[in-house]
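The next block holds one structure in the form of structure tokens; read it before the comments.
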Amino acid sequence: MKKLLIVGFLLIGVSAIAYTLYNNKTELEESATLAMKSSEYISVTVEKVSEKEVNRNFEANGVFEPSQELKLMSETSGTIVKINKRKGDYVKKGDVIVQVDDRLIRADYTIAQLNLEQAGKDVKRYENLANTDAITKKQLEDNQKAYNIAEAQFSALQKRLDDTQIKAPISGYINEEYYEMGALVSPGMAIADLINTSQLKLSVHVTENEISKVKLGDQLSIRVNAIKGETFTGKVDFISKKADGSFKYEVIIIMTGSNLDKISPGMFGTAEFQFAQEGKVLQISRKAIAGSLKDPGVYTIQNGKAVYRPIKVNPLTEGSIEVLEGLDSNDEVIVSGLINVKEGTPVKVQ
């Protein structure tokens, strides 16, 4: 009796296993069939190419800079014996900022001046003698040569004497000083930083798409971040011909108008570039572009299959593209599912 029960239970277990395996096989076959059907096409979404109004205005941020900025260097050596200007002072071009001890150079200068005067007298005397054939031509040439040497020595010492007065090469403010009374200076040593703020400029960087719209002389509205509620004006004075490492182009704007004394170098500003609008243009989503904007293309659908079409575009914003060539209004382009789409791929619009 027990053996019969055991055999019965075994039969029931085997039947249950067989039934489960059969069901699993059926489910696998159905899944395989469904996969085969789904692989027959790629599900995609599309959008129509449409005409939309486009705003070509843009803004660019930058930093205000002085029209001139330089580091004044010493061209002489010696001890500073007099200071005429200090940090923050306004200087005119040619003003003496510091005076370096010039006593030794001035003594050499005086000697060179006397030598030059004497050489000049000697040349005149020898020229008179040469007219009467009292001297040889070589004697006259030697005296003329001696005069030229004396003149060159005098000019060199005159330059060295002038260099002891360290002067401002431009008009502006002393933004930083590197000197003290009694300090020893040498050629190439920094003396002061000078800035000319009489005409401020705003340096901004724009993209390759934006630079094509900017022209020299364009009048712009400028906002200063630190000055609320007031707008200034500027004029485009420079446009770089080559992009920098971030693929942007420099545009320098010279500030014009009034109240510019409120703006200081180093402040942040925003230039508003405004242009005549061109009405409506053909536009598509950036997501529809297959590949890069340097070699753009899109996929359309013909007879249920994807068809690649190269196009020419003009970027408008991060999410919108202007179509210049290759598409017409109401054409439909694929915007999603592109990762699996190739030329001739069967597709189905969701």
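The values are calculated or read from the model by the stated rules, or taken from the named source; none is laboratory data. Values in this document were obtained by computation on a predicted structure and should not be read as measured data. Heads up, the Cβs are rebuilt from the backbone with ideal geometry, glycines too, and the neighbour counts pull from every protein chain shown.
For residue 202, the conditions (1) out of contact with any Phe, Trp or Tyr (no Cβ under 9 Å at 6 or more places or on another chain); (2) assigned by TED's automatic domain parsing to the domain that holds residue 235 all hold with the exception of (1). Just one of the listed residues (342, 280) is closer than 30 Å to residue 236 by Cα, in contact (Cβ under 8 Å) with a residue 24 or more places away in the chain and over 30 Å from the mean Cα position of the chain (by Cα), namely 280.
The residue pairs whose first member lies in segment 293-311 and is over 30 Å from residue 207 (Cβ atoms), whose second member is modelled with pLDDT of 90 or more and of a type in the set (Phe, Trp, Tyr), and whose beta carbons are closer than 6 Å, counting only pairs six or more residues apart or on different chains, are 306/299. Scanning segment 280-288 for residues that are farther than 28 Å from residue 224 by Cβ, touching a strand residue (DSSP E or B) at 6+ places or on another chain (Cβ under 7 Å), assigned to a loop (DSSP other than H, G, I, E, B) and not assigned by TED's automatic domain parsing to the domain that holds residue 210 turns up nothing.
Contact map, segment 51-78: residues that are part of a loop (DSSP other than H, G, I, E, B) paired with residues that are aromatic (Phe, Trp, Tyr), Cβ distance under 7 Å, separation 6+ or inter-chain. Pairs shown: 56/275; 57/273; 57/275.
Checking 144, 99, 139, 153 one by one, the residue that is in a helix (DSSP H, G or I) and under 30 Å from residue 77 (Cα atoms) is 153 and no other.
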